[in-house]
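Quick notes on the structure that follows.
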Amino acid sequence: MLPVRPPALARLYWPGLLWRMSAKEKSLYLTFDDGPEPRVTPWVLDVLNDFRAEATFFLVGENAGRQPALVDRIRSEGHAVGNHTHRHLNGWRTGSTEYLADVDRAQDLLGARLFRPPYGRITRAQAAALKSRFTIVMWDVLSKDYDSRITPAQCVRNVLGATRNGSIVVFHDSLKAEPNLRHALPAALQEWSRAGFAFKALPMDGSLRR
């Protein structure tokens, strides 16, 4: 089971990946994986708009291909878009040739400069092949909203207890995560807003590439 905050050894094993933004500013970087999903993603966008929050959406290519209007809405409302492979592949269980071809297939739809490996699982060879083209984004805080074994209240505690300046926080705009997400996202945004955090999208211009 993945921890809420990644262990230091993970950061050492995958050098050059982005785990956290600068701690100098009181800002958080909310990210949403696995969409777009027609029931969940519009609701997420409405909640973000209520809090004047920008975010980053790591989109699965086959989902984006089915929901082009949602991709357009994400972009038009000021959010960033990243590549999350075309078929949500686990890099540890997929050969590099197949994995990289799947990333390319999603890239034909998305034209993204950001990439996040599904499940956070990518081999060093796959990462090395992608780093010249993408900023590979991991995370500082994992909400675990997808885990049906935790309650919505626990999901809120996961994120509120671990976030700090510059945290990259993972949520999922998916049906699997929806029960926890619908409680945790607005509750966390309210508490973070009270604490004075700003909510920013990750830069898409390649300036984060490492």
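Observations
- Subset of region 15-36 that is in contact with a strand residue (DSSP E or B) (Cβ under 8 Å, 6 or more places away or on another chain) and farther than 23 Å from Ala195 by Cβ - its residue that is surrounded by the fewest Cβ atoms within 10 Å (Cβ to Cβ): Gly16
- A count restricted to region 145-182 and to residues that are within 20 Å of Leu9 (Cβ to Cβ) and in contact with a Cys (Cβ under 7 Å, 6 or more places away or on another chain) stands at 0.
- Residues in region 31-63 that are within 21 Å of Ala106 (Cβ to Cβ) and either assigned to a strand (DSSP E or B) or of a type in the set (Val, Ile, Thr) (or both): Thr31, Phe32, Asp33, Val40, Thr41, Val44, Ala55, Thr56, Phe57, Phe58, Leu59, Val60.
- Among the candidates Val81, Val4, Val71, Val60, residue that is out of contact with any Lys or Arg (no Cβ under 8 Å at 6 or more places or on another chain) and either of a type in the set (Val, Ile, Thr) or at positive phi (or both): Val71
- Of residues in region 133-166 being of a type in the set (Ser, Thr, Tyr) and farther than 11 Å from Val4 by Cβ, the one surrounded by the fewest Cβ atoms within 10 Å (Cβ to Cβ): Ser148
- Search result, residues across region 22-50 that are acidic (Asp, Glu) and over 17 Å from the mean Cα position of the chain (by Cα): Glu25, Asp46, Asp50
- Count of region 68-101 residues which are under 20 Å from Arg133 (Cβ atoms), of a type outside the set (Val, Ile, Thr) and not in a loop (DSSP other than H, G, I, E, B): 10
- Of everything in region 102-142 that is charged (D, E, K, R) and in a helix (DSSP H, G or I), the residue that is modelled with the lowest pLDDT is Arg124.
- Verdict on Gly206 being modelled with pLDDT under 95, under 17 Å from the mean Cα position of the chain (by Cα), surrounded by fewer than 22 Cβ atoms within 10 Å (Cβ to Cβ) and small (Gly, Ala, Ser): yes
- Boolean, Ala53 is over 14 Å from the mean Cα position of the chain (by Cα), hydrophobic (A, V, I, L, M, F, W, C), at negative phi and crowded, with 18+ Cβ neighbours inside 10 Å: yes
- Cross-chain or 6+ apart pairs with Cβ under 6 Å, region 84-98 first and free of Cβ contacts under 8 Å to residues at least 60 places away in the same chain, then surrounded by 23 or more Cβ atoms within 10 Å (Cβ to Cβ) and assigned to a loop (DSSP other than H, G, I, E, B): His84/Val60; His84/Arg116; His88/Val60; Gly91/Pro117; Gly91/Ile122
- Selected residue [aliphatic (A, V, I, L, M), surrounded by fewer than 17 Cβ atoms within 10 Å (Cβ to Cβ) and under 27 Å from Asp46 (Cβ atoms)] from Ala69, Ala101: Ala69
- Of all the residues in region 45-69, those that are within 14 Å of Gln190 (Cα to Cα) and among the small types (Gly, Ala, Ser) number 1.
Yes/no matrix, rows are residues, columns are (1) in contact (Cβ under 8 Å) with a residue 12 or more places away in the chain; (2) more than 17 Å from the chain's Cα centre (by Cα); (3) in a loop (DSSP other than H, G, I, E, B):
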{"site": "Asp145", "(1), (2), (3)": "yes, no, yes"}
{"site": "Ile150", "(1), (2), (3)": "yes, yes, yes"}
{"site": "Cys155", "(1), (2), (3)": "yes, no, no"}
{"site": "Val159", "(1), (2), (3)": "yes, no, no"}
{"site": "Val170", "(1), (2), (3)": "yes, no, no"}
{"site": "Leu181", "(1), (2), (3)": "yes, no, no"}
{"site": "Leu185", "(1), (2), (3)": "yes, no, no"}
{"site": "Glu191", "(1), (2), (3)": "yes, yes, no"}
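The values are calculated or read from the model by the stated rules, or taken from the named source; none is laboratory data. Not measured: the values here are computed from a predicted model. Virtual Cβ from ideal backbone geometry, glycine too; neighbours counted across all protein chains shown.
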